[in-house]
Amino acid sequence: MELVETRNPGEQEFHQAVRGVLDDVVEGGLDDELERLGVLERLVEPDRAISFRVTWQDDEGQVRVNRAHRVQFNNTLGPYKGGLRFAPSVNPSVLKFLGFEQTLKNALTRLPMGGAKGGADLDPKQLSNDEMMRFCQALMNELHRHIGEDVDVPAGDIGVSEREISYLFGQYKRLRNRYAGVLTGKGLAWGGSAGRVEATGYGAAYFTTEMLEHAGEQLDGKRCAISGAGNVSIYCAQKLLELGATVISLSDSDGTIHDPEGLDADKLAWVKQLKLERRGRIAEYADEYEADYLEGETPWSLDCELAFPCATQNELSSEDAETLIANDCLAVIEGANMPIDADAMRLLRSEGVLIGPAKAANAGGVAVSGLEQSQNAQRMSWGPEEVDRQLREIMRTVHAECVEWGESGDGSVDYARGANLASFDRVSKAMLAYGAV
Ligand code: NDP
Ligand code: 2IT
């Protein structure tokens, strides 16, 4: 940890992510050979991090400049793989934390994928559609040198959906004169996989089902609070509804809607139109339906049995954790990456609240990206049932591995510890096998 802090001064998010893993991995001491071969020292240092200027022109003809990055964290288990994020808060610390987590998450899927993350310090809400096209083209003018289907395969994340992936892919194809599966999350008609849009949210719901079953509980009838109203939140809500749960909230960066009656399929279809097509604000839901709007608030004050933070990092604090505990919340499932801050995580774990850790619970998205890569490599496409079958199977296996590595003598499961140990085991064994590289 000292090495990480000295080498990456002030990078709080990165320190937090590494500490969260090391606490579990080094507890009880490290194997001599792992120590001699510097496996931990190598695992916490990205293979490389590329930063570059993106110059683009806005609708008024004004030239604008952003900074973009690609952190190629670790390719022990396969080509670098991970999303691109467009958000004002993107910086090296955030991308290193995401790249580090991605390396371990991808290992849990058992698919051949290394870990990476990238993005730009851009606020997509300020850009017109044409501006976004020019921005993506300008970004790809540099990024194309660093990616490839056997090298590094980016995808979406916050602020990057099928629209942006399409612009990026179109520019890659133009620059390189190659039609290759160099990005995932593509449109269905041009190499995308069935079920990729839904995969992260559906996967989180499948993981939750497994977790509850293992604890002798069931999802049916449970009251669920979800944060965010983007890709992960919406499809998580959709699958939870299909599985018989009640979804009482969604949110965005302006506030939370609380629908005590619960969402239904029609309301969710309306939200999809609002957020994914019109790019509107979630507050409008409260005007459309009988629901409260909690301006500037997160959903964690709501009385719920299951909490799904699906928006962004550190969105659930220790005060929120105290409220959830007081409300007898059974489990917190991380749809987003590192949404529970370090103090809240300690508190929830010590109080025995079940945690679905991000690297396990939201692994369904990257897993179906891995399936998209396989389909592209075969020049084939599989139907939605086949992809969903494989997604379910992967989430079942990820859950089983968390149990195998995280179960204590009394039968309780520390899923965060299980996910850390299982993924570290897979990556570190391969690193040992390769020797000092
Ligand atoms: P989207 O851009 O589709 O949606 C993000 C949602 O979170 C929006 O509702 C957004 O609100 C809200 N949000 C973003 N930043 C903040 C913030 N600082 N404070 C409060 N709310 C915020 O992103 P995704 O759904 O794709 O990603 C959500 C999370 O899931 C991220 O942590 C991502 O890393 C993780 N994830 C995503 C995967 C994927 O396949 N897409 C896979 C695995 C994890 P607003 O509109 O106001 O910005
Ligand atoms: O955090 C994540 O796992 C993602 N944003 C998905 C990455 C991917 O390559 O599909």
TODO: Could you tell me whether region 160-288 comes out rounded, prolate or oblate from its Cα gyration tensor? Rule is a ≥ b ≥ c as square roots of the eigenvalues, rounded for a/c under 1.5, then prolate if a/b exceeds b/c, otherwise oblate.
DONE: oblate
Task: Highest-fluctuation residue, Ala363, Ala311, Ala245 considered, GNM on the chain with Cα pairs under 10 Å - done: Ala245
- [ ] Give the peptides 61-70, 233-242 in descending order of average Cβ contacts within 10 Å, highest first.
- [x] 233-242, 61-70
Task: the chain: most fluctuating residue of Ala116, Ala17, Ala336 per GNM, C-alpha cutoff 10 Å - done: Ala17
- [ ] Using a 1.4 angstrom probe on heavy atoms only, work out the carbon and sulfur share of the accessible area of the chain in %.
- [x] 45
TODO: Pick out which of Gly181, Gly335, Gly28 has the largest mean-square fluctuation in a Gaussian network model of the chain, springs linking Cα atoms closer than 10 Å.
DONE: Gly28
Open item on the list: Please compute the contact order of the chain in relative form: average sequence separation of alpha-carbon pairs under 8 Å and at least six residues apart, divided by the residue count, as a percent.
Closed with: 15
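For an R0 of 51 angstrom, estimate the FRET efficiency from the Cβ-Cβ distance between Asp220 and Val26 and round to the nearest 0.05. The partial results should precede the final answer.
Details: r = 40 Å, r/R0 = 0.79.
Efficiency for this residue pair is about 0.80.
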Task: Global form of region 387-437, assessed from the alpha-carbon gyration tensor, a/c cut-off 1.5 - done: oblate
Task: Mean ellipticity per residue at 222 nm, deg cm²/dmol - from DSSP H runs of n ≥ 4 across the chain, formula -39500 (n - 2.57) - done: -14500 deg cm²/dmol
- [ ] Check the chain and count each lysine pair with an alpha-carbon distance under 16 angstrom, considering only pairs eight or more places apart or from different chains.
- [x] 18
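Membrane-span-like helices in the chain: DSSP H runs reaching 15 Å or more (Cα, own axis), mean Kyte hydropathy at least -0.5?
Numbers: long enough: 12-25 (20 Å, -0.33); 92-109 (25 Å, 0.24); 129-143 (21 Å, -0.34); 162-176 (21 Å, -1.12); 196-214 (27 Å, -0.29); 231-242 (17 Å, 0.34); 363-378 (23 Å, -0.17); 384-406 (32 Å, -0.77); 415-434 (29 Å, 0.05).
Span-like helices, by this rule, are 12-25, 92-109, 129-143, 196-214, 231-242, 363-378, 415-434.
The values are calculated or read from the model by the stated rules, or taken from the named source; none is laboratory data. All values reported here derive from a predicted model rather than from experimental measurement. Positions of Cβ are backbone-derived with ideal geometry, glycine not excepted, and every protein chain shown enters the neighbour counts. All accessible areas refer to the heavy atoms of the entire protein, side chains included, with ligands and DNA or RNA removed. Shrake-Rupley method; radii C 1.70, N 1.55, O 1.52, S 1.80 Å.
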